[in-house]
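Participant: Shown below is the structure under consideration.
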Amino acid sequence: MNIAVIGAGIGGLAAASLLAKDNHSVTVYEKNETVGGKMNEIRAGGFRFDTGPSLLTLPELLERLFSDCGERMEEYLQLEPLNPLCRYFFRDGTTFDNFEDQKRSLAEIARIAPEDKEAYTEFLGYAKQLFQKTSSSFLFNPLFDISDLSEVNLADLARIDAFSTVSARVDKYFQSDYLRCFFKRFATYNGSSPFQAPATLNVIPHVEINRGGYYVKDGIYRIAEALAALAKKNGARFIMDTKVTAINTERGRVRGIELYDGTKEQFDIVLSNSDASETYLHLLPDRSGSSLKKKIIANTEPSCSGFVLLLGLDRSYNQLRHHNVFFSDSYEKEFEAIFKDRVPAKDPTIYIANTSYSDPGHAIAGGSNLFVLVNAPYLSERYDWSSGRAAYARHIKQVLESRGLTGLRASIRYEKIITPQDFYQKYRSNKGSIYGTSSNSRMAAFMRPANKARNVEGLYLTGGSTHPGGGIPLVILSAMHACELINRYEV
């Protein structure tokens, strides 16, 4: 089959590798100059930054992808476990290091919240059960037709805690504000509010804490480079810096694509790694597909976006580890600002990835490279990032200095600001969101666009905006699902 892949993000790269391995003729079109989509990097002034994902979980899925393509992941990537997984800073000056080694984490909890030691172990057991109940029925299942539903264990689905919220369930387990804040943090990993998202998302701590989090030597972007090399080795062709402006259809079936210069290319199948909203609302002609489907997608709440500062410093901070989180005073007010008011939070929780802690070569001698991220609202008329970006950047730096990073502003030798507007312009993500749709309702996590279009034959979708969701492992699963469906319906 002659297959076009729109977008060289992780989903597109994974799918291109698998399809090319199956002897399909695969051409990948990417609007930007580099592969990786939101997983990318910047090198400037002696500093190196990852600009997207910063942690790898469930590495066995990446290993499976390479194995399915006849290769060994170890020949492409060097994974390193992180100890601690993350350091957390609370407003009162308390710090908490969380480890994959539960004994070490329990020792930390005994220091800051001894009343919650037993609850910590019990909660991780509950999270593990959620993973067991959702993995085969949801994560590892394309959930497209009746045959897929035969794999669903209805008894398990009835016990995935979808009728409570992340926040409510966490509050029932823990007494300490430290542990409550810590476990509510994980809902943000897919761009949702812990006060609205179903408690099913409490599965995320199991994935990171029980199963482990990893760094890739020399940066997470090595994953994108490795997948591009894998796809090319299997025969995929890449056309970079070339924007696809339309998916052409005829009588309800894909016929090819149209490029920015008007060139039309014929293909048997199109696999879109573009955001699902962009695919359905802008790439397909108005007459194609279901008008109801398009209306639903247009009205679905996006995930939150992010405001990013890349700071190259001529100094380092002993209190920082590889991953760091500075909690706000009120998590609930923060998410009200982001999702209700749709404005940047005045007192945001701040995440810092400091890869120079593990890879000193990512900064100038004695310096550090800080990837600073705060959750931000998706694009709306309520906030103008073009006029507010500089002021918000100053505010974030001031907050960090007040939280112990003294002399930060005077130490900056390189700085770059990335706003939700930049995410939209570069990646055409839905209203600048990072993770596709939010999971701020009971069933939203289970209602993401499928990996095969139902009203346009020959159109398939992959990426974080599709089933089963965002993040490196789930995006890889989306590519596997799309390829499985192509083999089921096209070959």
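Results for (1) surrounded by 15 or more Cβ atoms within 10 Å (Cβ to Cβ); (2) within 30 Å of GLY37 (Cβ to Cβ); (3) at pLDDT 95 or above, shown as yes or no for each residue.
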{"residue": "LEU55", "(1), (2), (3)": "yes, yes, yes"}
{"residue": "ASP68", "(1), (2), (3)": "yes, yes, yes"}
{"residue": "GLU75", "(1), (2), (3)": "no, yes, yes"}
{"residue": "PHE96", "(1), (2), (3)": "yes, no, yes"}
{"residue": "ALA110", "(1), (2), (3)": "no, no, yes"}
{"residue": "THR121", "(1), (2), (3)": "no, no, yes"}
{"residue": "LYS133", "(1), (2), (3)": "yes, no, no"}
{"residue": "SER137", "(1), (2), (3)": "yes, yes, no"}
{"residue": "ARG159", "(1), (2), (3)": "no, no, no"}
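Participant: Still on this model: What single numbered condition from (1) without any contact (Cβ under 8 Å) to a residue 24 or more places away in the chain; (2) of a type in the set (D, E, K, R); (3) not in a helix (DSSP H, G or I) fails to hold for ARG488?
Facilitator: Single failed check for ARG488: (3).
Participant: Scan the stretch 446-473 residue by residue and report those that are of a type in the set (S, T, N, Q) and surrounded by fewer than 23 Cβ atoms within 10 Å (Cβ to Cβ).
Facilitator: Within the stretch 446-473, ASN455 is the sole residue that qualifies.
Participant: Another question about this same structure. So, ARG454, is that one over 18 Å from the mean Cα position of the chain (by Cα), within 15 Å of THR300 (Cα to Cα) and not assigned by TED's automatic domain parsing to the domain that holds SER164 or not? Before the answer, list the steps.
Facilitator: On the way: over 18 Å from the mean Cα position of the chain (by Cα): yes; within 15 Å of THR300 (Cα to Cα): no; not assigned by TED's automatic domain parsing to the domain that holds SER164: yes.
In short, no.
Participant: Another question about this same structure. Can you confirm whether VAL308 is farther than 22 Å from ARG403 by Cβ and out of contact with any Ser or Thr (no Cβ under 6 Å at 6 or more places or on another chain)?
Facilitator: Numbers: farther than 22 Å from ARG403 by Cβ: no; out of contact with any Ser or Thr (no Cβ under 6 Å at 6 or more places or on another chain): yes.
Against the criterion (farther than 22 Å from ARG403 by Cβ and out of contact with any Ser or Thr (no Cβ under 6 Å at 6 or more places or on another chain)), VAL308 does not qualify.
Participant: Considering every residue within the stretch 401-413, establish whether at least one is surrounded by fewer than 16 Cβ atoms within 10 Å (Cβ to Cβ), in the same structural domain as LEU370 (by TED's automatic domain parsing), under 27 Å from the mean Cα position of the chain (by Cα) and under 20 Å from GLY45 (Cβ atoms).
Facilitator: no
Residue-by-condition table, conditions (1) surrounded by fewer than 18 Cβ atoms within 10 Å (Cβ to Cβ); (2) more than 25 Å from SER192 (Cβ to Cβ):
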| site | (1), (2) |
| --- | --- |
| VAL325 | no, no |
| SER330 | yes, no |
| ALA376 | no, no |
| SER387 | yes, yes |
| GLN398 | yes, yes |
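The values are calculated or read from the model by the stated rules, or taken from the named source; none is laboratory data. Being a predicted model, the structure only gives us computed values, none of them experimental. Cβ coordinates were reconstructed from backbone atoms using ideal geometry, including for glycine residues, and neighbour counts include every protein chain displayed.
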